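Student: Can you keep this structure in mind? I'll have questions shortly.
Bear in mind that the values in this text are calculations on the coordinates, not laboratory data. These figures come from a predicted structure and were not determined experimentally. A quick note on method: Cβ atoms are made from the backbone with ideal geometry, for glycine too, and the neighbour counts reach across all protein chains shown.
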Amino acid sequence: MTHDLPATLPRSLPPCSLIGAPTDIGAGARGASMGPEALRVAGLQAALELHGLQVLDRGNLSGPSNPWQPPVDGYRHLPEVVQWNRLVYGAVYAELQQGHLPILLGGDHSLGLGSISAVARHCAESGKKLRVLWLDAHADFNTSALTPSGNVHGMPVACLCGFGPAELTQLAHMPGGGPALHPSQIRQIGIRSVDAGEKRFVHEQGLEVFDMRAIDEVGMRQVMERALAGMDADTHLHVSFDVDFLDPDIAPGVGTTVPGGPTYREAQLCMEMIADSGRLASLDIVELNPALDVRNKTAVLAVDLVESLFGKSTLMRTRPF
Ligand SMILES: [Mn+2]
């Protein structure tokens, strides 16, 4: 089996647009609202510019504050979640229309709904195929009937596939009125915490999940080869990077740590192989919680990994291994 190495010169990428969404409206702990600034403080823009990328910081979106209320009919803060996602949808869609590569700085993972809805709409209009890599400790495939908490950051994948309230499932107004995504477009990687009812639902819907056991058994390289297989020049690759994907030993600054995640090297390989695919066209960085971090080290690590995602290589060899 050969693994093609990237060309010596990096492919030319479009300008990247940073979009801050400072909210924890869908989370179970406060603090992810400080994520965008922590990523900026960790030097995200300068790190990307160092690799020759043009980076536009669009600043932060401004939405409703977090009322910190209990769930109503299975959802916490649904009206505010809808408002934030409409803002994210509009901002991400506008960048895609200008030919830019949007980078959403969350914020909690409920915002993946607005971001990926915009990407799905853009792909439908431009005739692109869409592949979504969901890097996460959780499947985020809950519904109001299944969720133990009502926190919408546990539901975005289900909503994107059409299971949820219309205000969230119809954000993209897809041609034909269907959901933004079909489960066959999604690959989940790093999963290790799934609620009981959610697990059944993931199987019923046929989501392709590369859980931690898969990574243990066959290694990150083979997992990523499978997760990236079947893409071509017409594929738009969206990466939704929940920082809780990483092992809490290296990434303590998240609200929902789950032990047993990818190590530093496994995470680097994951990002490098995505970069090698040459298809990355939009990105979410979510769930970074500076209130729980240690001297911003999780933000610094996230920036380091995002650099690899955009092609920073520490490779010492010039021929395939
Ligand atoms: Mn998540």
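Student: By its C-alpha gyration tensor, with a ≥ b ≥ c as the square roots of the eigenvalues, how is the range 190-321 shaped: rounded for a/c under 1.5, else prolate for a/b larger than b/c, else oblate? Before the final figure, lay out the partial values.
Tutor: Details: a/c = 1.58, a/b = 1.08, b/c = 1.47.
Cα axes put the range 190-321 in the oblate bin.
Student: Also, I was wondering about something else. Helices from the chain with mean Kyte-Doolittle at least 0.0 and a Cα length along the axis of 27 Å or more, per DSSP H: which?
Tutor: Values: long enough: 78-97 (28 Å, 0.22).
Taking the DSSP H segments of the chain (at least 27 Å long, mean hydropathy at least 0.0), we get 78-97.
Student: Name all residues of the range 25-66 having a backbone nitrogen under 16 Å from the label point set 7 Å from the Cα of Gln97 along its Cα→Cβ direction, giving them as ranges.
Tutor: none
Student: Quick check: pseudo-label points 7 Å beyond the Cα along Cα→Cβ at Asp216 and Asp57, how many nm apart are they?
Tutor: Between Asp216 and Asp57, the label points sit 4.2 nm apart.
Student: Would you list, by chain and number, the aspartates and glutamates whose Cα falls below 19 Å from the Cα of Lys129, excluding same-chain residues fewer than 8 positions away?
Tutor: Candidates past the 8-residue exclusion: Glu95, Glu208, Glu225, Asp232, Asp234, Asp276, Asp284.
Student: Sorted by packing (mean other beta-carbon atoms within 10 Å per residue), highest first, where do 61-74, 234-247 land?
Tutor: Values: 61-74: 13.1, 234-247: 24.2.
For the peptides 61-74, 234-247, the packing ranking is 234-247, 61-74.
Student: Run the simple label-point estimate for Ser65 and Glu49 please: 7 Å along Cα→C-beta, distance reported in nm.
Tutor: 3.3 nm
Student: Can I ask one more? For the range 16-309, just run the numbers: alpha carbon Rg, then divide by 2.2 N^0.38 Å, N being how many residues it has.
Tutor: Taking the Cα Rg and dividing by 2.2 N^0.38 Å, one obtains 0.89.
Student: For Asp249 and Ala196 in one chain, what is 0.36 nm times their gap in residues minus the Cα-Cα distance, to one decimal in nm?
Tutor: Values: separation 53, 0.36 × 53 = 19.08 nm, distance 2.59 nm.
Here the answer is 16.5 nm.
Student: Spelling out what I want: for every residue of the range 231-237, take phi, set θ = phi - 60°, compute 6.51 cos²θ - 1.76 cosθ + 1.60 (Karplus), and round to whole Hz; glycine and proline get x.
Tutor: Those phi angles translate into 7, 9, 4, 9, 9, 8, 9 Hz.
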